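Scroll down for the structure; my scribbles are underneath it.
Values quoted throughout were computed directly from the atomic coordinates according to the rules given, and no laboratory measurement underlies them. Keep in mind it's a predicted model, so treat the numbers as computed, not measured. When we count neighbours, we look across all protein chains shown, and the Cβ atoms used for this are built from the backbone with ideal geometry, even at glycine.
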Amino acid sequence: MEREKFSSKLGFMLAAIGSAVGLGNIWRFSYVAGENGGGAFLVLYLFCVFIIGVPLLLAEVSIGRKAQSDVIGSFSRLSPGTPWFMTGFFGVLSAFLILSFYGVVAGWCIYYLWNYISGGFFVEPAGGYAAEFGGFISHAWHPILWHALFIALTIVIVYSGVKKGIELANKIFMPTLALLLVGLAIYSLSLDGAWAGIEFLFTPDWSVLGDPSVFLAALGQAFFSLSLGMGAMLTYGSYLSKENKLPSATFGIGVMDTFFAIISGIVIFPAVFAFGIDPGSGPELVFITLPGIFGQMPFGEIIGFIFFFALTLAALSSSVSILEVPVAFFMRIFNWGRKKTSIILGFIMFVLGMAASLGMGIWAGVTPIGSNNIMDSMDFIASNILLPLGGLSMALFVGWYFNKSTAFEATDMQDNSIRDIWYGIVKYIGPIMILFIFLNAIGVIGW
Ligand code: PHE
């Protein structure tokens with residue numbers, strides 16, 4: 001059977017941007033930036049995205065394009081008989097873990113969206129948004145229904161194929177998302193007192209850099225946000241052919257991912273400051289603080305609807321890239337059709353996600369690796385251990401397993417004026433930085 005392909009470089013770019021732009025840019029970026037002092041964090045984050053993230057993204061995509069296979073098959077094909085294929089196993093494992101909890105949080109977004117459609121959030125719920133949110137996520141089966149809906153939507157897009165599902169969905173979602181968020185940003189800027197939010201986001205207060213964890217937060221956020229290290233970008237790269245040049249494409253993905261993160265910051269912080277809320281309120285910023293703000297704003301119901309609609313689209317365009325990683329692999333090794341594979345794997349992820357959801361309520365006491373709850377444990381193992389290990393391994397593969405000319409050839413960097421800088425990053429600087437985050441995350445070294 002002939003391998004599927006994106007129809008063009010633009011189709012690939014939109015899909016890859018869709019993968020990168022997700023809950024990571026809107027929900028995670030805003031609270032991590034809020035907790036880490038705003039402006040100075042942003043500068044570090046930009047450094048991490050463009051100096052480390054984008055060069056590694058180029059390496060990851062090039063492995064898939066060169067091998068024309070899934071995340072495990074690519075390594076076996078390019079380095080037969082070696083243990084490099086283990087990198088792919090880490091990727092598939094992280095895909096299962098990440099989509100399980102990502103789907104639960106995305107399910108919460110759809111629930112909020114529904115409340116803005118049905119009028120449930122037109123007035124503040126009796127006990128306030130905090131009690132509403134807490135009651136909802138700890139309920140035994142309500143959040144699971146919304147999670148099921150989200151996973152079902154993800155499955156439908158993936159089983160429709162690379163071109164007719166993933167590419168088409170992203171061609172619709174990405175421009176829509178950009179329009180919605182830019183519109184919201186303009187509105188947010190028009191609020192009285194909005195300027196304090198802009199200053200918070202764009203005026204660096206360098207004193208926060210005294211705390212080294214800010215640096216790590218920025219690096220980790222760059223990694224998660226660019227979808228690096230799991231093989232999502234590798235798998236998308238495998239649907240590209242040689243005539244599409246990679247350096248400009250990957251740079252464009254980095255620029256657009258950053259654009260969406262900053263635009264989300266411009267949507268959220270002016271509103272947060274205009275209503276006197278603490279920007280460092282943490283993961284609840286989007287689910288508790290923002291609905292409270294929308295409730296006090298003119299046209300708040302419409303704004304709330306647009307916001308959670310945008311968040312759901314962003315989450316969906318990322319989740320399809322996560323599901324595609326194991327789908328591509330299982331289709332090849334079992335020779336299954338795309339439909340069957342997407343449904344079976346999506347269902348398994350749904351079941352795993354149920355554990356993450358129940359961990360917010362009746363299983364609240366279950367703390368597998370000593371963290372807050374099951375969802376945190378999944379996030380910790382995937383984001384802090386498996387993604388950095390996967391990214392490290394991919395950088396080492398291109399930097400050390402390939403020789404220099406193969407690395408340049410695979411990435412279309414032969415005639416690029418900064419090719420040696422790129423090579424130095426992939427071979428030395430990137431791996432050292434990743435190792436550093438990794439060791440720090442598991443507490444081997446403590447700053
Ligand atoms: N980048 C996605 C986001 O920002 C999350 C993601 C991580 C997607 C890893 C694929 C792989 O939401």
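For a protection proxy built on the mean count of beta-carbon atoms within 10 angstrom, sort 420-433, 221-234 highest first, please. Kindly include the intermediate steps, with their values, before the conclusion.
Values: 420-433: 18.3, 221-234: 28.9.
Peptide ranking by packing, descending: 221-234, 420-433.
The residue list ALA178, ILE425, THR312 was ranked by how far each Cα lies along the charge dipole of the chain toward its positive end, using unit charges on Cβ atoms, and ILE425 comes out on top.
Remark: region 296-436 projects, on average over all directions, an area of 14.7 nm² (convex hull of Cα atoms).
So what's the back-of-envelope 222 nm ellipticity for the chain, counting only DSSP H runs of four-plus at -39500 (n - 2.57) apiece and dividing by all residues, rounded to 500?
The helix-only estimate for the chain comes to -21500 deg cm²/dmol at 222 nm.
In the chain, the longest principal axis of the Cα atoms and the axis of helix 300-334 are about 30 degrees apart.
Shown is the FRET efficiency for LYS163 and GLU284, computed with R0 = 60 Å from the Cβ-Cβ distance and rounded to the nearest 0.05: 0.95.
Using every pair of separate Cα atoms, the Kirkwood estimate puts the hydrodynamic radius of region 1-108 at 16.5 angstrom. The angle separating the long axis of helix 213-225 from the principal Cα axis of greatest extent in the chain is about 70 degrees. Derived from the Cα gyration tensor, the three semi-axes of the equivalent ellipsoid of region 357-399 are 31, 8, 5 Å, largest first.
Spin-label model, PHE251/TYR428: points 7 Å from Cα along the beta carbon direction are separated by 2.3 nm. Calculate how steeply helix 387-396 sits against the longest principal axis of the alpha-carbon atoms of the chain, using the helix alpha-carbon long axis, and give the answer as 0 to 90 degrees to the nearest 10. For 387-396 against the chain, the angle is about 30 degrees.
For ALA130, the shell of other residues with beta-carbons less than 13 Å away shows a net charge of -3, using +1 for Lys and Arg and -1 for Asp and Glu. Pairs exceeding a 26 Å alpha-carbon distance, out of LYS66/LYS164; LYS242/LYS339; LYS5/LYS404: LYS242/LYS339; LYS5/LYS404.
Which value in Å does the Kirkwood hydrodynamic radius of the chain take, with 1/r averaged over all unlike C-alpha pairs and then inverted?
Numbers: mean 1/r = 0.0456 Å⁻¹.
The Cα-based Kirkwood calculation yields 21.9 Å.
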